[in-house]
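Below is one structure, written out as structure tokens; the observations come after it.
The values are calculated or read from the model by the stated rules, or taken from the named source; none is laboratory data. Please read all numbers here as calculations on a predicted model, not as lab measurements. Virtual Cβ from ideal backbone geometry, glycine too; neighbours counted across all protein chains shown. The area values use the complete protein model at the heavy-atom level, side chains included, leaving out ligands, DNA and RNA. Shrake-Rupley method; radii C 1.70, N 1.55, O 1.52, S 1.80 Å.
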Amino acid sequence: MGWLAPEMLWALIGLPVPLFVYVWAWRQRKKTVIPFSSLRLLKAAQQPGQAWRVHLPAFLLWLMFALGLIALARPTAEITLPSDYRKLVIAMDVSRSMLARDVEPSRIEAAQTAVRAFIGKLPNDVRAGLVTFAGTAQVVQGITDDREALLAAVDRFELQRATATGSGLLFSISLLRPDLAIDLEQAIYAPSAVPWPNPSSPGSDRSAAIVLLSDGRRTTGPDPIEIAQRAADLGIRVHTVAFGTDQGVIPGYEGYSFFVKVDQETLKAVAKITGGQYFYAASAEELVSAYQALQGKLTLEKKQTEVAFGMLAAMLLLGLIAIALALKRRQLVLPRAIKLS
């Protein structure tokens, strides 16, 4: 549980005050001598086992007061809610490092298998698109609900040199938000010169998301951290998947080979900046598990939600119950006492 106005928790210091007032008033009441014309009348008003019921309405009112003080601090709780995502872009790294065979049969083949399974299990109300990036980025499939078209696009992946992670992010944002009419060429070479809408809270756009998979380090194009900040300003979450091991090797030229290491730190930062989730997969099985976990992210979402209004509703309910109990006790005791007299 969190608090939007934690300084108001100081108000809880006043919580014992009503108790002291009630105890003092009750003792004063006991000192008051009331003449009864009959002992039977007094016995009727003092039924055995009813003492706690006398104080129950006051206790409920005290609980109502306590909830009111807590509500002043505007408490929040993490609640799992259905997600409103409706558009999704899958951004895939197709650089030559995906040829590495530290993941069997190869990184690219394992990634294609996992993405196909992911697409096949997307909720019916989620429309998706595909972006690939290497030295440059390109849209291989626009936003669509045609699952067959998406699967066919996965089969068209072509590996290229270099890794432009920032460009992949930029093309994904443009695909999700065509209304922005982003000048992609200017955004790639001078992202700071491109006008963007006023910033909103990260993750506030619950109608769109990006899932980005990469197995290497950015070697060209705009800084992915800078582009991630643009996505965050638009409220778009970016879930990232780092794929591969530190032992990945790809064949080079003239007998040379190159080690390809996953840039986990950048992918973690991209997810954190945008309010997304980060996953690491060192095998084909782990990659499938990562995409299965992402499947849940698209249908259920944990969110810090203010619960002060729920406490106000509980206060009202407690107040009504206390009043009803007080009235009921008065109606039961007094008529019976009068009848016995």
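Observations on the model:
- Between Asp125 and Thr219, the modelled labels are 4.4 nm apart [label points 7 Å from Cα along Cα→Cβ].
- Placing pseudo-labels 7 Å out from each Cα toward the beta carbon at Leu159 and Trp196 gives an inter-label distance of 3.3 nm.
- Working from Cα pairs under 8 Å separated by at least six residues, relative contact order for segment 104-228 is 26 percent.
- Surface exposure of segment 136-224, expressed per residue as accessible area with a 1.4 Å probe, stands at 48 Å².
- Residues whose amide H falls under 5 Å from that of Ser204, counting only those 5 or more places apart or on a different chain, are Gly235, with hydrogens built in the peptide plane.
- FRET efficiency estimate (nearest 0.05) - Cβ-Cβ, Thr113 to Val139, R0 25 angstrom: 0.70
- Karplus (6.51, -1.76, 1.60) ³J(HN,Hα), θ = phi - 60°, over segment 164-170, in Hz, Gly and Pro reported as x: 10, 4, x, 5, x, 5, 5
- When Tyr22, Tyr291 are compared by accessible area at a 1.4 angstrom probe, the order from most to least is Tyr22, Tyr291.
- Net length available on complete extension from Arg101 to Val23 is 20.3 nm, with 0.36 nm assigned per residue and the Cα-Cα distance removed.
- Listed peptides 211-222, 262-273 by packing density, highest first (mean Cβ within 10 Å): 211-222, 262-273
- Working from Cα pairs under 8 Å separated by at least six residues, relative contact order for segment 129-168 is 51 percent.
- For Ile90, solvent-accessible area (1.4 Å; no DNA, RNA or ligand), Å²: 0 Å²
- Close amide H pairs (under 5 Å, H built 1.01 Å from N) link Thr144 with Ala128, Gly129, residues at least 5 positions away or on another chain.
- With K and R counted +1 and D and E -1, the other residues having a Cβ less than 13 Å from that of Thr240 yield a net charge of +1.
- Gained length - Thr76 relative to Glu185, 0.36 nm times residue gap less alpha-carbon distance: 34.9 nm
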